[in-house]
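Remarks on the structure that follows.
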Amino acid sequence: MKILFQNYISGFIVWWYLVNLVEITKLLYFFWWGILESLKLPEMLTNLFIPLYQDETTLGKVISFFIRLIWITMASVVTVVVSVFIFIVFVIYLILPFLPIFILIYNA
């Protein structure tokens, strides 16, 4: 019984930190990349000084610059918030298997 329990625990640790960690990392990365792509932050950065709708007038250039600047600012804030959230989820994922041990130690 003791060997079976040790094999179960070691198998779970290998699965949690090697096999499933790769899947969770891919999932979080694709979620982050999807947010970044939906906000179009790289495209807005590259087209910051290009007028919207090819309006080459001075007013069109000024308005499009400020619209893109506001878009970049808001998208950067959202990206930072999502990145912090993803980091917190990743750290919780890493700590989660040790939670029952901590509960047993502090409640004993």
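Answer yes or no as to whether GLU23 is free of Cβ contacts under 8 Å to residues at least 24 places away in the same chain, within 16 Å of the chain's Cα centre (by Cα) and in a helix (DSSP H, G or I). Give the derivation first.
Values: free of Cβ contacts under 8 Å to residues at least 24 places away in the same chain: yes; within 16 Å of the chain's Cα centre (by Cα): yes; in a helix (DSSP H, G or I): yes.
Here the answer is yes, as GLU23 does meet what is asked.
Looking at PHE65, PHE102, PHE90 in this structure, which one is in a helix (DSSP H, G or I) and modelled with pLDDT under 90? Talk me through it step by step, then tell me what you get.
Values: PHE65 fails: modelled with pLDDT under 90; PHE90 fails: modelled with pLDDT under 90.
Among PHE65, PHE102, PHE90, only PHE102 is in a helix (DSSP H, G or I) and modelled with pLDDT under 90.
Going by the structure shown, is LEU27 modelled with pLDDT under 85 and under 30 Å from GLY11 (Cα atoms)? Give the steps one after another, and end with the answer.
Values: modelled with pLDDT under 85: no; under 30 Å from GLY11 (Cα atoms): yes.
When the stated conditions are applied, LEU27 does not pass them.
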Lone unmet requirement of (1) in contact with a Ser or Thr (Cβ under 7 Å, 6 or more places away or on another chain); (2) in contact (Cβ under 8 Å) with a residue 24 or more places away in the chain; (3) more than 18 Å from ILE92 (Cα to Cα) for LEU48: (1)
Selection within the range 1-14 - in contact with a helix residue (DSSP H, G or I) (Cβ under 9 Å, 6 or more places away or on another chain) and aromatic (Phe, Trp, Tyr): PHE12
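Which residue is surrounded by the most Cβ atoms within 10 Å (Cβ to Cβ), if the candidates are limited to the range 37-58 and must be outside any helix (DSSP H, G or I) and polar (S, T, N, Q)?
If we filter the range 37-58 for residues that are outside any helix (DSSP H, G or I), which is where we start, we get 40, 47-51, 55-57.
Pick out the ones that are also polar (S, T, N, Q) and you get 47, 57.
On the way: ASN47: 13, THR57: 9.
Per the criteria, the residue is ASN47.
The values are calculated or read from the model by the stated rules, or taken from the named source; none is laboratory data. The shown structure was predicted, so the numbers you read here are calculated from the model rather than taken from an experiment. FYI the Cβ positions are ideal-geometry reconstructions off the backbone, even for glycines, and counts take in every protein chain you see.
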